[in-house]
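The values are calculated or read from the model by the stated rules, or taken from the named source; none is laboratory data. All values reported here derive from a predicted model rather than from experimental measurement. Every residue, glycine as well, gets a Cβ built from its backbone with ideal geometry; the counts of neighbours run over all protein chains shown. Ligands, DNA and RNA are excluded from the accessible area calculation, which covers all protein heavy atoms including side chains. Shrake-Rupley method; radii C 1.70, N 1.55, O 1.52, S 1.80 Å.
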Amino acid sequence: MLQVNIHDAKTQLSKLIEQASRGEEAIIAKAGIPVARLTAIPPATSGRRFGALRGRARVDRHFFEPLPETELQAWEE
């Protein structure tokens with residue numbers, strides 16, 4: 001793990017980011033005392049998967065029946 005002081009981190013930021021994207025960590029220190037860690041952010045996973053609830057959710061015949069009048073009024077308010 002690489003440790004650099006703040007001044008060097010400012011002048012070599014692009015290089016440090018490139019290293020972080022390859023999985024290497026860099027510790028940024030102030031007067032030799034570590035104050036921050038530069039690491040890569042893991043790639044985002046898509047929040048939705050098609051068919052993720054297949055077999056877990058069911059729609060029965062009541063789903064297709066009209067709502068009671070009181071319920072309809074509550075939705076329209």
Quick one: in the range 16-57, which of the residues that are surrounded by 10 or more Cβ atoms within 10 Å (Cβ to Cβ) and charged (D, E, K, R) is farthest from residue 3 (Cα to Cα)? 18
Any residue at all in the range 58-76 that is open to solvent by less than 70 Å² (accessible area, probe 1.4 Å) and part of a loop (DSSP other than H, G, I, E, B)? no
